[in-house]
Structures are given as C-alpha cells and as structure tokens.
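Written out below as structure tokens is the structure these notes cover.
Coordinate-derived values only; no laboratory data. None of the values given here were measured: they were computed from a predicted structure. Cβ coordinates were reconstructed from backbone atoms using ideal geometry, including for glycine residues, and neighbour counts include every protein chain displayed.
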6 protein chains.
Amino acid sequence: MRYDGRQKMELRPVEIETGYIKHPEGSVLITVGETKVICNASIEDRVPPFMRNSGKGWITAEYSMLPRATDTRNIRESSKGKISGRTMEIQRLIGRALRAVVDLEALGERTIWIDCDVIQADGGTRTASITGAFVAMALALGKLQDQNKISSFPLKSFLAATSVGIVEEHGAVLDLNYVEDSQAMVDMNIIMTGEGEFVELQGTGEEATFTMNQLQELLELGQTGIRELFDIQKDVLGELADRIQ
Amino acid sequence: MRYDGRQKMELRPVEIETGYIKHPEGSVLITVGETKVICNASIEDRVPPFMRNSGKGWITAEYSMLPRATDTRNIRESSKGKISGRTMEIQRLIGRALRAVVDLEALGERTIWIDCDVIQADGGTRTASITGAFVAMALALGKLQDQNKISSFPLKSFLAATSVGIVEEHGAVLDLNYVEDSQAMVDMNIIMTGEGEFVELQGTGEEATFTMNQLQELLELGQTGIRELFDIQKDVLGELADRIQ
Amino acid sequence: MRYDGRQKMELRPVEIETGYIKHPEGSVLITVGETKVICNASIEDRVPPFMRNSGKGWITAEYSMLPRATDTRNIRESSKGKISGRTMEIQRLIGRALRAVVDLEALGERTIWIDCDVIQADGGTRTASITGAFVAMALALGKLQDQNKISSFPLKSFLAATSVGIVEEHGAVLDLNYVEDSQAMVDMNIIMTGEGEFVELQGTGEEATFTMNQLQELLELGQTGIRELFDIQKDVLGELADRIQ
Amino acid sequence: MRYDGRQKMELRPVEIETGYIKHPEGSVLITVGETKVICNASIEDRVPPFMRNSGKGWITAEYSMLPRATDTRNIRESSKGKISGRTMEIQRLIGRALRAVVDLEALGERTIWIDCDVIQADGGTRTASITGAFVAMALALGKLQDQNKISSFPLKSFLAATSVGIVEEHGAVLDLNYVEDSQAMVDMNIIMTGEGEFVELQGTGEEATFTMNQLQELLELGQTGIRELFDIQKDVLGELADRIQ
Amino acid sequence: MRYDGRQKMELRPVEIETGYIKHPEGSVLITVGETKVICNASIEDRVPPFMRNSGKGWITAEYSMLPRATDTRNIRESSKGKISGRTMEIQRLIGRALRAVVDLEALGERTIWIDCDVIQADGGTRTASITGAFVAMALALGKLQDQNKISSFPLKSFLAATSVGIVEEHGAVLDLNYVEDSQAMVDMNIIMTGEGEFVELQGTGEEATFTMNQLQELLELGQTGIRELFDIQKDVLGELADRIQ
Amino acid sequence: MRYDGRQKMELRPVEIETGYIKHPEGSVLITVGETKVICNASIEDRVPPFMRNSGKGWITAEYSMLPRATDTRNIRESSKGKISGRTMEIQRLIGRALRAVVDLEALGERTIWIDCDVIQADGGTRTASITGAFVAMALALGKLQDQNKISSFPLKSFLAATSVGIVEEHGAVLDLNYVEDSQAMVDMNIIMTGEGEFVELQGTGEEATFTMNQLQELLELGQTGIRELFDIQKDVLGELADRIQ
C-alpha cells in the first residue's frame, strides 16, 4: 500500500469539470487527487507566421503555476521576467502532444491556444494538463463545428497522459503524487492515443538508471492507467466523443 | 434598472469561499457577480532588505489574470517578459491598502505575500482582490496566532473596497461590471476601513470630468456598498472577526 | 509656519520657461520650488495601432528622473532594463490627465508624445509634470494650428495639478515638498480643469486613513492652489490662452 | 540504403579529438558525420546555493549553436536576450544525463560546467553533445585526481547517446542526420550507461504515433549504436577508461 | 567659412555653469554651441566588488540623451529595456578617460559616479560630456578634500576632449556640429591631458579612409581646440585649478 | 626578447584556414598565435529597414566568445540576457571596418552577416576577427559573383588589423598577446587598407597617457605588421585576390 493507501496500479480520483470559466471556447477544471489544473482552449482565426498560407491550423500551449500552488511559494515567472526551462519543456510537450491527434487541415488556418494553469499541485501536473487540455480542446472544436465553421471534426483520436515511476519501497507504480515523485528513482511520462499507440515517452533516471525489464513493466502500468482516463474523457464529452474518428 | 437588472446602489452577489487552495496559510475564492479571484496569503519568516532589523513586518501583493479570464485572450506577462503598467498599479494598490490596517510591529519580522489571481473577469477585479485578500490575510494571521507565533492579533480594522462610477443612462452607480466600466465616464475605486475612514480614493474621468457634487454622490454610494461587504467578511471570518481590534 | 516658511495654503514659487529645448514642437522648464522638470511635447504624424483609422489622435506620456535628481543617486531604469511601478503609474497618470482636455478628433490622426524629465526633485514631481506638460502641449498645438495642419484648436480647457496632504504638525497643507511628503499621513494628488471640475483624484493614507471632513478640507486647499496655477499658465501662454475653448 | 549510403543500423563516422581548446580542464571536438561540437568541461571550486554544505558536487551544462552552424543563419540567443525552449530542454537533458554517472560525493563541493557549442550541425547535436561531454568531463576529472584533489575517481560508468527514428522509406534507422531527422515520423533519443541501462529515453511522434513493436525495434537499434560509441570513448580515454568503476 | 560661420580651427562658444543641480557633489551644465549636457558627479563610499580591499577608488560613467534632445524623438532606452551599443561605447569611453587623470589611491575606496545627460544635442555630445564631467568631478573632489575626507587632491592633470574631422568642402575642421558630423568622411575624437599627452584617440573613416598626413593635420587641430578648453575649465574651477598637481 | 621569444616588431604565427564550416557562404578559422576565431560570412537577400530601396547593401557583424575561450569561464551573454558593452563595441567596430572597403552599391540590396566566434583567446581577438572576417567576406562575395548575382566585385581594397602597444619592459611592441595586453600602458588597434590608409585608429592609455612621438612609433609598428597580414590574405585568397580593385 502506498502513502495515500493506493495500490501500485491505481490512479488517484480523477474529475473533469467542463464549462469552468465562461469566456474560453473550451474550459475544464481537471482534478487528479490533490492536483488541480484549469485548462482553457481559445480559438483564434489566424496562424503564426510560419504556418500562413499553408491551409493548416496550429495548436500551441502555455503552462503556468500559481505561486502558491505548491508548498512553498514560487516567484512568478512574470516577475522574474523569464520563463524557466521546466515551464518551456512542459508547454512544448503539451502542444506537441495535442497536435499529434488533430487533423490540422480540417482545422483550417486557425490557432488553438491551450492554457494550463495549475492552481494546486501535488505531482503529475503536466500529465493532468494534457488529459484536461484534450477535453477543453474537444469542447472548443465541437463549438466550432456547431457554428459550421469547420465541416469535419478535426480530432483523429483520444489523447491522455499519466506518469509512472519506480519508488524504493513499492517498485513500479502508477500516477505518482508529489511525495512519490520526489523520491522516485525513475520517472516516466507516457502519452497515448485512443488506439493504444504512443505519442510521447519520456523516461528519466534521477541519479539512477533503469533496465529493459523495468521499462516493460512501467509501460504496462501506464497503458492501464491511460485506458481509465479515456473512459473518464468519453464520459465527460458525451455526444462529442462520437465525433472523434 | 441596469444591464443586469440591478438597482443603482446594488452590489452584485458576493461570495467568499475559504480554504480554497490547500497549501497557503490563508486562501479564498472571492466571487463578485461573474468576477472570480483566488486570493492566497503566504507567510514568510523574513522581510525585504529595507525592513531588516526594524522589528516590523511587511505586506506585499502580486496580481495577475489568467490569459483567458477576459473575453479575448491576453498574452501572459511571463511571455512578454515584463509586467504591464496596469498590473503594477494594481498590485501596489493592494499592498498599500492592506498595510493600512495591519499593525506591522505586532506582525514581527515576517512578510505576508498576497497573491490575487483573477481566473474570470467581469469588472471590479482590483476591488474584489482587496476585499478577498483581506479575508485571506486574516485567516493566515489567525493561524499564526493559533500557533503562538504572535501574541496580539495584528489586524487593526476591517478593510474592503468597491468601485463606483457615472454611466450615461443611470448616473452614479455602485459596483460596475465590465460593460458598465467600459462605458463609464467617471470611474472611482474606494477603499475603506471598518471605522468608515478612507484608505484610498482613486477617481478618474475617462476623457471626462466630474464635479464636487458628483464626487459627493459617488462617495455615498461607495460607503453603502462597502458596509455590506464588511457584513459578508464578518460572516465568513466567524470567531476570527472578533480578534480584530 | 511650515519648514520652508510657507503658510498652509501657500504654493511654492512657480515658474514656467518656454522654448527651453530647441528641437521639440513644445518645450518648457517648469520650476516649483526646488523641483525642476523639463516637459517636451513632440508631434508625430501617426497614431498607435489601436487608434488607426479612428480619425482621432492620441496623447502618451513618459516620465523619468535623472539619477541624481534626488539626494541619493538612483540606478537608471535603462540600466535596470525595466521601468519601475512608480514610473509606470506616473506616466499613465500624465497621459490620462492630458487626454481629458484634448479634443482628439480635432487633433486628427497624430500622436503627441509628452516627455517629462525631472532634473531636480523636491516633491510634487508628478503634479509639476502635468502642469508643465499642459503648457508644452499647448505650444505644440499652437504651432500645428499656425501651420494650418489643424483647423480648430484641440484644447477644450486648462489643466493643472497640485498635491495636498495631512502632516503631523500642520494638518492639511498645500503643495508638499519632499520633507513634508515623506512625513505626510495622507497624500492626495488633484488634477482639475479650468472649469473647476475634477479630472483625477488620488488620495492615499500612508499607513493611515482619513475622514470625510479631512477629505473636504484637502479638496478646498487643492482648488485654491490650482486656480493660481491657471493664472501662471495663462500668463505664459499669452495669445495661445485665448484659443482654448 | 539511406541518403548518405548508410545501412539502417549504421552510425555515421565518429571522431573525438581531445585537448581541442587549451584553457578548459577537459576539451574535445566531437565529429559525428557532418555534426561538430566543441565540448568543454570546466571545474569550479564551489557549488550553486542549493547544494552548499551538502558535501556533494554538481554538474551543469550549457548548449549553444553558432548562428551559421545550420543552413540558414539563426539569430543569436544573446541578441534575442533570451534562451529558446529548445536550448533549455537540451541543456537540462545534458546535465541530467551526466549527473547520472557521477558519484557527486566523490566529486566533493565542486561544479563541473559543461559547455557544448555546436559549430556545425547536421542532426543529432544533442546526442553528440552528451557523448562528447562525457569524454571532456572524464578528462577534467582525471586531471583533478592527478592533482590529488579527489581520492577516488567519481565516474561510475560510461555514458553515451544516440538517436533513432522511423523514416518513411526505410523504417527504423540509427543515428539520423538532418535530412532524415526533418522527415522522421518518430524520433527518439536514447542515453545509456556502460552497463546497458537506460538513463533517459525520449520518444516523440511528430504528428504521428508509434506502436509497442516499433518501440522495441528502435530500442534495439539504439543499443547497438551506443555500444559502438562506448568503444570509441574507451579508445580515446586510454588509461583513464580503466579508472571508471 | 563653415555652415555656422566658423573658421576651420574655431571652437563653438563653450560655457560651463557650475552648481547646476543642487543634490550632486559636483554638477555642471556644459554648453558647446547648441549642445547642452548636464554632468553630475556623485560620490559613493564604496567600490564595485572587483575593487574591494584594493585601497583604490573607481570612476564609472553613465550617458543618456533625453528622447527629444535630437531633431526626431528617440525611444527611451528604459522603454526598450536595453542600452544601445552607441551608449555603451560612450559611457565606457567617458569612464576610461576620467580614470586616466585620477590618482585612484589618493581617492581611497570610493566610487565617483559620473552622469552625463544630454538635454539638447547638436554634435560632439561625447566630447562635451568628457570636458564637462571633468569639471563636475573636480568640484566633487574639492568638496571631499574640504571635508578632510581625503588628504591630497587626487587629480593629476586637466582633461578635455574635442572632435575633429574631414568634411567635403572644408577639409579638416575642429569641433563638428551635427550637420558637419553627419557629412564628415573622417571623424576623430581626441582626449588629452593638461600636459599635452593623449589619453584616447579614436579616428574612424565613415565609408572612407585617411592618410598619415591627414591624421597629422587632424591631431594638430585637435590640440589647438583642447588648449582653449583647458583655459575655460581653469577659469571655471578658480582656486580648485591650483590643486591639480 | 618578449615573453614568448618574439622581437618587438614580430607578429605571432598567423594561419587562415578557408572552408572551415560547410554552411556559410564564406568561412575561415584564423589562428594568430594561440588566438583562434571562426569567421563566417552569410549572405541574406535583403537589407535592414533603414537601407530599403536605397539600391545599396549592408554589412553587419556579431562577435562572441565561447565561455571557456579564456582562462576562467565567462558567463554566456545569452544566459545574462544581454550583450556586454565590450562585445557591442567590438561588433560595431568590425562592421564599420568592413563596410569601409566594400562598394555597397555593387553589392546590391543584400546583407552580409559576419559572425566572429572566438573559440580560444590569447589577446588580439578583435583584430584577428577583422583580418579573418575580411577573407570570409571575400570568399562569400566571390561565390556571389561566380553565381552571376553581382557583376562587379564589390571589394575596393584589402583590409587587415593588428594591435600595437607600449609595455613596461619593451616599449612599443607589435601584436600583443594576452599577458602583454593586460600589462600594457597604452593599447592601440589599427585597421588599414591595402593602399596603406587608415580605416580606424583606436588608441587608449590604460591609466596612462602617450605622447605624439610614441604615437608615431606605434603607427609605424602597426603598418609593418599589417603589410605582412596582407601577404597572408593574398596567399589564401589566390585568384580572388586579383578581383579586388
């Protein structure tokens, strides 16, 4: 049994509340255990310069944490005047992952801005962001199609993410919270499509290494967790889930 | 009757939810109509350099909006690499106002960091921030006293803020929402103590001016609204309200 | 009697020297006691992007202090790489105040850049800047009309500013110098038009508060002072003063 | 046969020239095909604040490209005034990877600065940087031990990296050059220790996804390539190779 | 005869007004024709880190132009968030030149901050800055000695600067104004000591070159002009001039 | 005899390796003693805004040092987020010098970007950069003419640079290395054309001064050294040398 009483292959309770903020085209609050992220999807009717006249759309993501989302207060990146390497890595990851399941041509020359703002953090903020942002994006795209601005629904597949890792006492575990994450010897983020294919795989030995066998075990745990996340996403999206090809 | 059906001297519905985020010493979500601000108060056991060895504490505030708190998405200040003049003005105002009702010696050499993060905006974000931050600060100070880290409660008075303004159709009105605010000829923010004294008064003619009589009318409206806010704060603070001298 | 021998309702000696710098369309050196500000008005034949094709002009202000305008040397904002909150607040205030008395349509699609550079500071730099900048702007607009680039004179009214405050020994006083300002319990900046209406009112209790009666007394002092400033402005502007509607 | 005539599982020619720059404690020029990176290791006798009094050392890496390392000239990050997300990701990766094979206690309170400067780029610059930086770091540590500043050699294992990917025509291939990399559907960086364990695994579907079988194939290709890199490193390090535990 | 009626070897009228700003230890307004620079010298009782415990002082200079010192308005460097290459070059030059005539040991561990703020520009702002800053520095050092903070006067020599250049119509000329400077084929700044020795020589062919003979002619013109500047400095410094060794 | 065994008027061994980096239109590695600089010339088919529609081209230079080009590691300017004054001065100097020998009309509306990256420093990096950049630029222009993009060869003359200085023991010496440079009382950079005319002359007394006679001696030493550099450049450029008018 883990710190919080979970089994090795047990996700924390996940909840996705839609329509959380009124202005964005798509908005959810995703809660994964004690981690809470507001995911907003905004649609802009133009693309960045490098995509102009390509006939294709673009998806870009930004990620931030409230200063007191964590146990000790962090200095705001706006006060520091620059974005940390960690933030950059995460927002590049979110954008790249979402683009993998969107038919950019069907989207047309539009940009979807994804904003993931962590209001409370307890580990797994980047994977919660991806899982929640997918739903926010689906809602925004649904609205776009309902307004007849696009003809076919641009989502090609479901997309969700979770973390797995190796911790001293328990070996391979699913969905690490902050305490587990900070003690993990190996930490891996897995992003998969509804078809069970990998979109991204990032495994890191933190002053440690991992073998091929351990990798195998981690991948299996991750797949199990992500399948559950797809069920929650489907539930929340309702009729919209059927539009996904 | 105003756009949203209110009377001239009617506040929007106000709600203050305490314990909103788990990590900060004090945390509230304040809702004023459609405006929603997370106000967190964090206590740090040291003061900025200019206050060292003064035996007194300090209170400093930061203010930010989620990019999609408003109807069109704003660029993050962390991406721009600098804080806008508007943000600077607001966070200086919040800090100054809160300091006016705190006995900094009773606080001791500690800093209270106030973070006001607007997750949804519909006018009056700076006054909602002040009204909510006062409660978050009171909660944090209550905890400090409960832990016997301070002997007397450092809050000298209640503090709340509202906006008043002159709009074309209705004349002087209380608590402007975004639509009213953007059409107002005169816009005034009033911050008062529980004793009915002014802490700050900022009246601006937006490409317009106002007379002494109009000023008088606006001040009376403001006082009415702020008295109601004090009742809500007292209700929410419960036993803590009695500690305020 | 105050530190410098003045009565409570006495302004410091004010002088406005026109044509101070040769390049700008309008240029003055305003001296208020020991405070000296160079106010330059430059006219540019285009407006910022958000005003394009509106048929209207724009006025924007920048404010700066020489490093040794004050008793101890300040680090240049260009060296720090960013503008302080105080500077931002002041330059936003100057611009907003000036726009209140200009008919932006009569100005046409032009920008007036106001530069207020404090070369010596002894309190009241922001109000001196506004009072001086009004004259610099009037000179520049006069030149524009003399060149037949505009048909009607865009100034709708006079504009001047002063500070009032409450200091321990003397109570409410007019036009605070640096020593008074740094000891004041309440500090208020008042900006008025020639018609005696308010353009902006900013009153701040510095770790203190003020009552409705004190507010009344401060406003009366301010009005007295500003009327004197209008006389000085009229004198300096000569024939141009008559063009103001 | 691939664009440049290689087999699927064939590395490009790799050369590691030691003592390339005279000042650093360790310096190599690594050439992988047409990719050339100067890797310098500098030893500083103190650690960053968060490591002080820990008795342990630290390793940090910086990565940069000459503006014309690539086919079209890139703007310098020093001119832009900020480091791109891509650069941040790479330098965090290099530092993390190197730390995985260093006994930080045996290093003592010292920082090893790794500078990877790409003077010519043709794909695989981050993996070449890691492979080269390992050698530069080993040289610097050897010098440190020869000077009797450390008693045991802090390197616990060999470390090398390569890329693998899936390209349309050829399927899974080893060590992608720029042309292949820009056309790859899946791109994976693998970092392994001399013991054959993973230090880091980063697989990305570029607007594509990959199956478990494809992952397996990529991992095998990567292992083959990395084993060859270890032989080259050993050869270059000579006697120093024997000190690695 | 030149544009403004001067002879080839004629300086523009030079005036140095002392005690211009009240706060700095030394302050002058130097006027060279239509060029006007406020030069302030501030004394700080400590040195930058690299000079600590050296027993020696330091002199550092900053240079800036008001936005409308020139014919068209320049964007403030504080707004741009960075200092231009031109400004950097000039302020490094001023500091270096002044240090050449100061006995840094006699100064003791103090920093002299030189601020040269151009309020009106018509060519030759950097040489006017040096000539004026020397006087401001002498005034500040005189005050320091009068207060018995230093025993011997740290100025070893006089210091002045002028520009010379080659213009199409007139050949070599002394003290170029803006019009001449912008048409000059060769532009040279000369800084000399009272002993007639060079401190700095910077000659630039602007898309042109110059011969050894032309160099000779320019150097002679420069010497003539600088000798006249020494007379003006001596006059202004009065008794202080005699303290210079 | 000097530290490194050279005579007073002896250059260090100079080598210029062409085609050093494969992507740029012109690329050399210049070695002057222990100083090594990669000089790349890139041609862009447009000019900066201030040159548009002038029918003329532009040349701009950037200069940088690897962090460990020197004995102690320097912080990268990209990490600091700004370029130092020294770097700005050097890159402005390189650009200005190269423009002096290019017929910008013959170049047409193109920009030549010169990148000088010092990979190892031992004094004289700016003069080595100029001497090497001239060759890189000539190579790039040769390629441009060979592709029939320009009709006449835009180089009007050769261009090379060296440093001279006065050091305590030896008096005036040619081509200072780092040790000499850091001890020199006078330091002068000389840039000349193949016709023996000056392009730029920058002489600085480092807390010292120099007489007219010393200037003369330094200029003669410089001329001697530069003539040797022209021979090396001619050798390296081969047939291209004949195209220079």
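Side notes on the structure shown:
- Averaged over peptide D:67-76, the number of partner chain Cβ atoms lying within 10 Å of each residue's Cβ comes to 6.
- Cα-based equivalent ellipsoid, chain F: semi-axes from gyration tensor eigenvalues, Å: 30, 20, 17
- Label zone of residue B:243 (point 7 Å out along Cα→Cβ, amide N under 15 Å): in segment B:114-138 this covers B:134-138.
- Short-range pairs are left out: with C-alpha atoms under 8 Å and at least six residues apart, the relative contact order of segment B:1-69 is 18 percent.
- Taking the Cα centre of chain B as origin and assigning +1 to Lys and Arg Cβ atoms and -1 to Asp and Glu Cβ atoms, the resulting dipole is close to 980 debye.
- For segment C:47-56, 3J(HN,Hα) computed residue by residue from phi via the Karplus equation (6.51, -1.76, 1.60; θ = phi - 60°) reads 10, x, x, 6, 10, 4, 6, 8, x, 10 Hz, glycine and proline entered as x.
- Over chain E: helical MRE at 222 nm, DSSP H runs n ≥ 4 each giving -39500 (n - 2.57), nearest 500: -10000 deg cm²/dmol
- Ranked from shortest, the separations from the 7 Å Cα-to-Cβ label point of residue B:146 to its equivalents in the other copies are 4.3, 6.4, 6.4, 7.3, 8.0 nm.
- Database remark: amide H of residue B:160 closer than 5 angstrom to the amide H of B:192 (H placed geometrically; neighbours at sequence offset of 5 or more, or on other chains; Pro and chain starts carry no H).
- Peptide D:54-64 has a mean of 1 when you count, residue by residue, the C-beta atoms of other protein chains within 10 Å of its C-beta.
- Mean Cβ neighbour count within 10 Å, used as a protection proxy, ranking C:183-192, B:35-44 highest first: B:35-44, C:183-192
- Residues whose amide H comes within less than 5 Å of that of residue F:3, counting only those at least five positions distant or on another chain, are absent (H built at 1.01 Å from N in the peptide plane).
- Rounded Å value of the spacing that divides the Cα centres of segment A:213-245 and segment E:171-229: 77 Å
- Electrostatic tally near residue D:47: other residues with Cβ closer than 11 Å to its Cβ, Lys and Arg +1, Asp and Glu -1, net +1.
- Counting, for every residue in D:79-91, the Cβ atoms of other protein chains within 10 Å of its Cβ and taking the mean gives 5.
- Non-local Lys pairs in segment B:14-243, i.e. 8 or more apart or on different chains, that have alpha carbons under 21 Å apart: 10
- Förster radius 35 Å - calculated FRET efficiency between residue D:51 and residue D:227, Cβ distance, rounded to 0.05: 0.55
- For the C-to-A rotation axis, chain C residue with nearest beta carbon and its distance in angstrom: C:81, 5
- Other-copy label distances relative to residue F:168, 7 angstrom Cα-Cβ extension, nm: 5.2, 5.9, 5.9, 7.0, 8.2
- Computed over chain B: relative contact order in percent, which uses C-alpha pairs under 8 Å that are six or more apart: 21 percent
- Backbone amide hydrogens, once placed in the peptide plane, bring residue B:62 within less than 5 Å of B:114, B:115, B:116, excluding anything fewer than 5 places away on its chain.
- For segment E:157-245, the percent of C-alpha pairs falling in each 5 Å distance bin, counted from 0 to the bin holding the largest distance, reads 3, 15, 25, 21, 15, 10, 6, 4, 1, 0.
- Shortest first, residue C:216 label-point distances to identical copies amount to 0.9, 8.8, 8.9, 8.9, 9.0 nm, with the label point at 7 Å from Cα along Cα→Cβ.
- For the protein assembly as shown, dividing the convex hull volume of the Cα atoms by the residue count gives 205 Å³ per residue.
- Sparsely packed loop sites in segment E:149-245 (the trypsin sites (Lys or Arg not before Pro) outside DSSP H, G, I, E and B with at most 14 other Cβ atoms within 10 Å) comprise E:149.
- Viscosity 1.567 mPa s, temperature 4 °C, Stokes-Einstein D of segment C:98-197 from Kirkwood C-alpha radius, µm²/s: 85 µm²/s
- Applying a length cut-off of 24 Å (Cα extent along the axis) and a mean Kyte-Doolittle floor of 0.0 to the DSSP H helices of chain E leaves E:125-146.
- Backbone N within segment A:154-188 under 18 Å of label point (7 Å from residue A:211 Cα along the Cβ vector): A:165-173, A:185-187
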